[in-house]
Amino acid sequence: MELKQIPLNDLHEKIGGKMVPFAGYVMPVRYSSDIEEHKCVREGVGVFDVSHMGEFYVKGPKSLDLIQKVSANDASVLFDGKVQYSYLPNATGGVVDDLLVYKMADEEYFLVVNASNIEKDWNWIQSHNAEGVEMQNVSDDFCLFAVQGPKALDTLKKLTDSPIEALDYYTFTKGTLAGVDDIIISATGYTGAGGFELYVPNAAAEEVWTKIFEAGAEFDIKPIGLGARDTLRLEMGYCLYGNDITDETSPLEAGLGWVTKFTKSFINSQDLLAQKQGGLKNKLVGIEMIDRGIPRSHYEICNAEGEKIGEITSGTMSPSLQKGIALGYVTLANAKNGTEVFVKVRDKLIKAQVVKPPFVKPGV
């Protein structure tokens, strides 16, 4: 499959971004070092270009009905300017994708999906669009910049008159930023460090990017790659589609019960409710290393006798904690906080324990 380029590809190459294939796109994985970029976001402000993400508009009188049918969370509680985290359940007990649902206005919603699943999600939602709801795939029309960190607000306040300091977590506004009208400014992110995500028309993307960096210069703003994005999200215990949640994983075992609302009917809701009532077999937990070692995806999680009780789905060395951390599925009997477990690293059992994420205190 031919890799796609994000609109500012040439700019990222010019400023030293190491470009790698990711989710069907060529993306910057780092500019300096993962640790330096991670600390920049935790302590100051950094900018991710995540323009590979997908965006769909869903419009019309039956738009809410369609969203209610294909997503597990209850979108009827949304108000204009509110964002909701949700997921698309499949028909066999797994997850098509996780996504954000923005309520733009009555009868108008904006869905943000993972880059690797744009076509899959579009086809899935359309296959259930019996109501003939108007849908627009605008994934190629927007750049998405995530301005994250404790200095993100001070940086962006210089560029807009919109009262972004008043935005609660998971709300958004549309306004003028860096002289460009109708930018969606969303108090969301994937880092736990606070900040905003900006949906910018492609034609204005380079201008907006440049002005953000001018505004953040006094805070030593830096471009941030996918490497630090992964360590930041993992410190918060945020799931990554394709690792921690997949077409095969149960959303309830993945800890997504909080966005699974059985007060309404949705795709496969009866089977998921039966699973909840019958009791779960496994659970996605946080794993913190006690002995030295870096847990990696697909490593076995074992008990003291060396018997396999689960598997790592995402793992890394935490720059903030200076120890190995991971997410992984274990049997329910081994999922209690404080349970001693072992991660199999090159046939050696390394001592760890089950902990409840986040691994570090969020900055939001």
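Quick note: the coordinates plus some simple rules give every number you see, no bench work behind them. All of these numbers come straight from a predicted model, not from anything done at the bench. Glycine gets a Cβ as well: all are built from the backbone with ideal geometry, and neighbour counts include every protein chain shown.
Any idea what the dipole of the range 54-137 comes to, in debye rounded to 20, about its Cα centre with Lys/Arg Cβ at +1 and Asp/Glu Cβ at -1? Before the final figure, lay out each step's value.
Working: 6 positive and 13 negative charges, 25 e Å.
Here the range 54-137 has a charge dipole of around 120 debye.
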Quiz item: When the chain is modelled as a GNM with alpha-carbon springs shorter than 10 Å, which of Pro21, Pro89, Pro295 fluctuates the most?
Solution: Pro21
Self-check item: 20 Å Cα-Cα reach of Lys351 towards lysines, excluding residues that sit fewer than 8 places from it in its own chain
Solution: Lys283, Lys308, Lys323, Lys336
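Cross-link list Lys59/Lys103; Lys18/Lys361; Lys158/Lys211: which exceed 19 angstrom alpha carbon to alpha carbon?
Pairs exceeding 19 Å: Lys18/Lys361.
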Quiz item: In what order do Arg346, Arg292, Arg30 fall by count of nearby beta-carbon atoms within 10 Å, going from fewest to most?
Solution: Arg346, Arg292, Arg30
Quiz item: Amide H to amide H, which residues 5 or more places from Thr249 or on other chains are under 5 Å from it, using H placed in the peptide plane?
Solution: Val95
Exercise. Between the alpha-carbon centers of the range 137-160 and the range 217-265, tell me the distance in whole angstrom.
Key: 19 Å
Quiz item: How far is it, in nm, from the label point at Ala105 to the one at Lys361 when both lie 7 Å from their Cα along the line to the Cβ?
Solution: 4.3 nm
Quiz item: Relative to the Cα centre, what is the charge dipole magnitude of the chain, using +1 at the beta carbon of each Lys and Arg, -1 at the beta carbon of each Asp and Glu, and rounding to the nearest 20 debye?
Solution: 1300 debye
Self-check item: Built amide H within the under 5 Å cut-off of Gly324, gap 5+
Solution: Met289, Gly293, Ser318
Practice problem: State the answer as a single residue: which of Leu111, Val70, Phe56 lies farthest towards the positive end of the charge dipole of the range 54-137, with beta carbon charges of +1 for Lys and Arg and -1 for Asp and Glu, about the Cα centre. | Solution: Val70
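Between Ser33 and Ala217, what FRET efficiency follows from the Cβ-Cβ distance if R0 is 22 Å, with the result rounded to 0.05? Walk me through the numbers on the way to the answer.
Working: r = 20 Å, r/R0 = 0.93.
Efficiency at R0 = 22 Å is approximately 0.60.
Can you tell me, using C-alpha contacts under 8 Å and at least 6 residues apart, the relative contact order of the range 54-137 as a whole percent?
Numbers: 152 pairs, mean separation 33.6, N = 84.
Relative contact order for the range 54-137 comes out at 40 percent.
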Quiz item: From the residues Leu234, Phe213, Val133, which one has its Cα farthest along the dipole of the chain in the positive direction, the dipole being from +1 and -1 charges on Cβ of Lys/Arg and Asp/Glu about the Cα centre?
Solution: Leu234
Quiz item: Given only helices, namely DSSP H runs of n ≥ 4 each adding -39500 (n - 2.57), what is the per-residue ellipticity at 222 nm of the chain, to the nearest 500 deg cm²/dmol?
Solution: -5500 deg cm²/dmol
Practice problem: Would you please classify the overall shape of the chain from the alpha carbon gyration tensor, given that a ≥ b ≥ c denote the square roots of the eigenvalues, rounded means a/c under 1.5, and beyond that prolate means a/b larger than b/c while oblate covers the rest? | Solution: oblate
